[in-house]
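Data block below; observations after.
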Amino acid sequence: MKKGTKLYSVLKLKCPRCHIGNLFNNPGFFVFTRILEMPDKCPHCKQDFKLEPGFYTAALWISYPIVLLIFIPVIILGYSLDSINGFFKIIFPFIVLFSFMLQIPLMRIARAVLLTMTIDYTTKW
Ligand SMILES: [Zn+2]
């Protein structure tokens, strides 16, 4: 993936300004401790991550359309497969498990998207 694009910052969970520092103290999508713990500033370029009080509340409105984009096709697929001998009833527990597994990555992606929308990439800092 090309460094300098907004997608790079979001998918690698890197600082949107330098694309080097990690956004989270415990990096990665599938973590189970310190899920939303972020440093106050980027460890590399010192970009402030706590832009204003309650800044990350808006991340809820970022994650909502992402959830819709993922689950509307899953629900439509489920209903269409249900006509085939109740197949949907068999895979329903897996869909629930899949939903829980996506929770942490979605929260992190939503924060990364929000920061990336606010802060532009630059090579000078
Ligand atoms: Zn940075």
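The values are calculated or read from the model by the stated rules, or taken from the named source; none is laboratory data. Every value quoted in this text rests on a predicted model; they were computed, and no experiment measured them. Backbone-built Cβ (ideal geometry, glycine too); neighbour counts: all protein chains shown.
Note on region 27-55: residues that are over 14 Å from Ala112 (Cα atoms) and among the polar types (S, T, N, Q) total 1.
Please verify whether Arg111 is of a type in the set (D, E, K, R), within 16 Å of the ligand (Cβ to nearest atom), assigned to a loop (DSSP other than H, G, I, E, B) and buried (at least 17 other Cβ atoms within 10 Å of the Cβ), treating the condition exactly as stated. Talk me through it step by step, then tell me what you get.
Details: of a type in the set (D, E, K, R): yes; within 16 Å of the ligand (Cβ to nearest atom): yes; assigned to a loop (DSSP other than H, G, I, E, B): no; buried (at least 17 other Cβ atoms within 10 Å of the Cβ): yes.
No; evaluated as a whole, the condition is false for this residue.
Evaluated against (1) surrounded by 11 or more Cβ atoms within 10 Å (Cβ to Cβ); (2) at pLDDT 90 or above, Glu37 falls short on exactly one condition, (1). If I filter region 42-56 for residues that are more than 13 Å from the ligand (Cβ to nearest atom) and among the polar types (S, T, N, Q), do I get at least one hit? No - not one qualifying residue is present in region 42-56. For Ser83, the requirement of being among the hydroxyl-bearing types (Ser, Thr, Tyr) and exposed (fewer than 11 other Cβ atoms within 10 Å of the Cβ) is met. Residue selection: Thr116 satisfies the criterion of being out of contact with any Leu (no Cβ under 7 Å at 6 or more places or on another chain), under 20 Å from Val10 (Cα atoms), within 16 Å of the ligand (Cβ to nearest atom) and part of a helix (DSSP H, G or I).
Could you please find all residues in region 30-73 being among the aromatic types (Phe, Trp, Tyr) and not in a helix (DSSP H, G or I)? Scanning region 30-73 gives Phe30, Phe32, Phe49.
The number of residues in region 15-41 that are free of Cβ contacts under 8 Å to residues at least 12 places away in the same chain and either of a type in the set (S, T, N, Q) or within 16 Å of the ligand (Cβ to nearest atom) (or both) comes to 4.
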